[in-house]
Structure formats: C-alpha cells, structure tokens
C-alpha cells in the first residue's frame, strides 16, 4: 500500500490557519463555562495562574499525598489509580502524584486527605486548604468531583479505611472483589497458564465491523 | 464548495486493489460502490481554512470536555461508562503522557453559501475511511490532476504521529500489535494500513485477532499467539464493545497500552453533543444538543453509542422524516438540532475532517442519502483545492 507521496499538501493553508487560530480564538469556543485546570507541575500551573498560588497548591497536594493511607496490595493500587504503583516504607502501595488541580483561583490538590473529613479533631489548614469545593485536598489519579464534594471510589481498597458510602464506591468495591477473585483464580490455575477467547465476543451482536 | 461531474478512471478498481482498498463493492452493480469518482468536489482556499480552523477548535473543545467529564461521575454515568472501567478511563486521561491519542474524524456540515461549519459528531475511537482519504483520493488526484492540491496530509501525519510518539517515549514498546474488529474486511485492511505506516515510522508491527489475545494467569498480562506480552495494542474494535468482553475486567491491571486510549470512550460517544453544548453554548461550530427533545421540533436523535448511521431518527416539524434500523437501539438517546445539509446534484455532502494527534490532517467528502444520514455504504468522493 506504499504510495509515492508529496511531502505535504496544502501546507500554506495549514500554516495560515494555525496563525489565525492562535491569534483570533473564536468567541464562545475558547473556555468552557466552568473552567478547571489540571497541572502536572507548578511551572505549568504558573503559565495561567499566580506563581505563589501554584506553589502553595503543589506543596499542599504533596503533603496530602504523603499522608494518605496506601493500598494494601499492588493490584488494589493499580485498580484504584490506573497507574504504576510502588511500595511505601510502611509496606502499603501507592501511585506517584501526577499533578494537582486549580479550581478557579483556589487550589485543590489531586489527592484527597481523609483526615480532612474527620469531625473529631481540628483540621490541619495546611493539608485541608479552604477551597470552593468544601475544604478538601485531592489526588489526581483517585479523586473525582460530584455534587459539591469529592469522593474517592477506591478508598474502600485502602488500608484501614471504611468504604465510602456512595453508589460508585459500591461499584468499585464490587470490581475490586471481582479482581481479587480473578487473581485467586489465576493463581490456582498455575503459573504460565493462558486463557484466550475473552476478547472480540461483543462484535457478534453488531456486525458490519467496528468502524465509525 | 462545488460538486463537479467528471469521468471516472476506467481502471480505478484495479488501482484500488493495488492499494488494498478491496472492500468498496456492496452490491453487484457498477454503482454499488462506496467509492465514487464520477464526481468530485472543489474547495476554495478560504473554505479549506474555515474547515481547518473549525476542526482545530472543535478538537480543543473536545479535550476540555474530557477533562470536565472525568471529574464528574454523574456525567461518566450518562456517557455509559461501565463501572469497572471508570477508573481506567479517568486514569488514562490523567496520565495522558503514557496514554496518547492517535486519530479521529469529525463529521461536519458545511454551508458553502455562508461558510458556516457545524459539528455533527466526532468519530474518535475507530474512524474508518482512512485508506479512502489518505490513499485513494490522493492517488485519484495524482492520476487526474497532479498539478492541483488537496487538503490531505493524513498519510504523512499518521507516520509522523507514530514516529513522534516513539521518539518521545510515549509508546511502551517499539513493537505494536494491531487487532481488527472481528470478521470485518474493512477493519482488517485498516489494521494492515496502520501496520505499514508504523513500519515506515521504524516500529515493528504485528497483526493479531482479538480472539487470539491471551490473558496470562501468572501476572494478568495480555499476550499474543507466541505468548509474548502485548505492550501496545492498536485496535479497530470499539471501546464500548471491548468493555463488554469478559477480559475487559483484566484491562486496568494488565499494563497494556491501547491506541486509542480508554479516555476515547468519552469522545467517540454521542453524549459529547449535549455536553459540549452545555459547556460552549455560544460556539458557532456547535448545534444545539440536549439529553431530551424538550422544546425541539426539528432534530436528530442518536444513541450515545452507534456506528455507521444506525438507529438514527430525523424528526422534522415534530414528525419522523427518516429513520435507520440498527443494533444500537438499547442505548440512551441524545438529541441534536437538525441541520439542512447542502444539496448538490441531489446529493448531500458531509465533510469528514481528520485529526491526527492534535493536528487537522485533511478531509474526505461523503455523500449522504436523500435524508442526509451517512451510513457505511455512503460514497466517498475525492476533492481538490481551487486555484
């Protein structure tokens, strides 16, 4: 299927359009109504925000992250984060913090600090910054925002934590239980064994291929 | 944009076979072909710029939308993301560097009289007509009017995307496995084409059938026929189907990188239409779209997951004007304002506008039926740029 190709078609069109797009953003198509931003580094954050706020948010995120209880097993951690997990000194597992969130001008870290939820002791203002979403700090790979509160569906997998009471957390707990059952089944099946035929079966109901 | 009636090359079928485009016939008659070169379209440079700008802007809006949806579980639910994959979808987005996207194709309505561009949908997971765009229409131009230009860098951009992802360390391996949707010649040919492009980018590419992908019990990793770990899987099998397969539960912990990544489940989803409208209600590239048809009299209903024009209903003045059958009827519907596509020689052209990575990469015109619905048999028609 190799074909002799010209190096580029319509290059002038491309270049002039890029220049247009860069300088004259179309009204209504630029920023969404409720802007939020996620940054991997304070430097990336500082492009659009105040340096100090970004640094504070980043440090708060790191503090929250380090205080969060880890996952009991590597698999639980992968299920909870989708990321590469590493063992902590206390034997638990955790994925690296990959960034933090700036909601409006108020920093919200990606890692939720469960201690911020406790009502039986004063909150640490450093790790529980006052934010527009209820005073929690949160981690990127675990948390999400719903109805004015951040939930952590994977918290049920963490060591020493009770299951968060939410529909999603129940789903996740079920998924985790299923993953554990799968892992046990794999272990009992013996090392090196491979199962096949578990992909592709859903195409039968549709026909005509998977194109769109 | 103008439609021109022209003489087809007498040997276009033979030429198509040479390039692996051998799935164009859907019936015994000469006209039962999904490639049509008895006509072509011309665009002015200004029109191409408009399409390019719209594509660039819409793609950016779509990425902002994904960033919004992954943080809102109620939206994830509306997008029909299965519970066991919500973390994978969210995690793949938040770790984008290691979960890069590859390509997509907007379907756009273009009104040549006004220059207005409206997004119909975004085919961002398993877009087809890559071969028709990158190879067939380019070969047509070279054979018929090589002095002319075409808005079409798809072939080169795809190679460059493979190359740049590899160079940036964003692919987990230089060895790709490519798996087509089962029992589809079109999908198989697309995987062959991508394999060749990957090879041109210096990568090793190997085709595999989905049914042959193995789940290794020892460590939960996916392996090929030779029990070699699949580090990177490029697929033309839709995510929403993959999500229903038994092995999907093993995906999050498998470490397998997929092209497209799991977050494309959100973009190849008609639920983007009302979501984008809620986020960008003033954007002229969008048609009003809602979760319910309340207050709409001329609209199109679409299942959140549907392909190749299946289960589409067109409502005009409150009554059904057209409808297609299909296998996606069980999914929730979204509702989008009807837009009158231009009629040219009795055909209704829809612009397929490609994005590779984050770069607009060309267009392909498809001619809809009289009702304007694009289905898998809708003819692909080549184009050139005037001047």
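State whether one or more residues within segment B:297-308 are modelled with pLDDT of 95 or more and on the phi > 0 side of the Ramachandran plot.
No; the residues of segment B:297-308 include none that is modelled with pLDDT of 95 or more and on the phi > 0 side of the Ramachandran plot.
Based on what the data block shows, is residue B:316 more than 26 Å from residue B:380 (Cα to Cα), touching a residue at least 40 places away in the same chain (Cβ under 8 Å) and more than 11 Å from chain A (Cβ to nearest Cβ)?
Spelling it out, it is not the case that residue B:316 is more than 26 Å from residue B:380 (Cα to Cα), touching a residue at least 40 places away in the same chain (Cβ under 8 Å) and more than 11 Å from chain A (Cβ to nearest Cβ).
The conditions are (1) surrounded by 21 or more Cβ atoms within 10 Å (Cβ to Cβ); (2) touching a helix residue (DSSP H, G or I) at 6+ places or on another chain (Cβ under 8 Å); (3) facing another protein chain (nearest Cβ under 9 Å), and residue B:43 fails exactly one of them. Which is it?
(3)
If you go through segment B:229-243 one residue at a time, how many are in contact (Cβ under 8 Å) with a residue 12 or more places away in the chain and either within 7 Å of chain A (Cβ to nearest Cβ) or not in a strand (DSSP E or B) (or both)?
Of the residues in that region, 9 qualify.
Could you check how many residues of segment B:163-180 are out of contact with any strand residue (DSSP E or B) (no Cβ under 8 Å at 6 or more places or on another chain) and surrounded by 23 or more Cβ atoms within 10 Å (Cβ to Cβ)?
Residues meeting the conditions: 0.
Could you check segment B:77-90 and list, in sequence order, the residues that are touching a residue at least 24 places away in the same chain (Cβ under 8 Å) and either over 13 Å from residue B:66 (Cβ atoms) or out of contact with any helix residue (DSSP H, G or I) (no Cβ under 9 Å at 6 or more places or on another chain) (or both)?
B:78, B:80, B:82, B:84, B:85, B:87, B:88
Within the group B:109, B:124, B:83, which residue is under 25 Å from residue B:241 (Cβ atoms) and in contact with a strand residue (DSSP E or B) (Cβ under 9 Å, 6 or more places away or on another chain)?
B:124
Looking only at segment B:139-162, which residues are buried (at least 24 other Cβ atoms within 10 Å of the Cβ), in contact with a strand residue (DSSP E or B) (Cβ under 7 Å, 6 or more places away or on another chain) and assigned to a helix (DSSP H, G or I)?
Selection gives B:154, B:158.
What about residue B:101, is it closer than 26 Å to residue B:334 by Cα and part of a helix (DSSP H, G or I)?
no
Residues to consider are B:368, B:295; find the one that is surrounded by fewer than 22 Cβ atoms within 10 Å (Cβ to Cβ), within 20 Å of residue B:32 (Cα to Cα) and out of contact with any helix residue (DSSP H, G or I) (no Cβ under 9 Å at 6 or more places or on another chain).
Just a single option satisfies the conditions, and that option is B:368.
Before we move on, is residue B:218 out of contact with any helix residue (DSSP H, G or I) (no Cβ under 8 Å at 6 or more places or on another chain), surrounded by fewer than 23 Cβ atoms within 10 Å (Cβ to Cβ) and more than 30 Å from residue B:56 (Cα to Cα)?
no
Sort out which residues of segment B:61-75 are touching a residue at least 40 places away in the same chain (Cβ under 8 Å) and facing chain A (nearest Cβ under 9 Å), and write them in order of number.
Residues satisfying the conditions are B:61, B:64, B:65, B:68, B:70.
The values are calculated or read from the model by the stated rules, or taken from the named source; none is laboratory data. None of the values given here were measured: they were computed from a predicted structure. Glycine also receives a Cβ, built like all others from the backbone with ideal geometry; neighbour counts cover every protein chain displayed.
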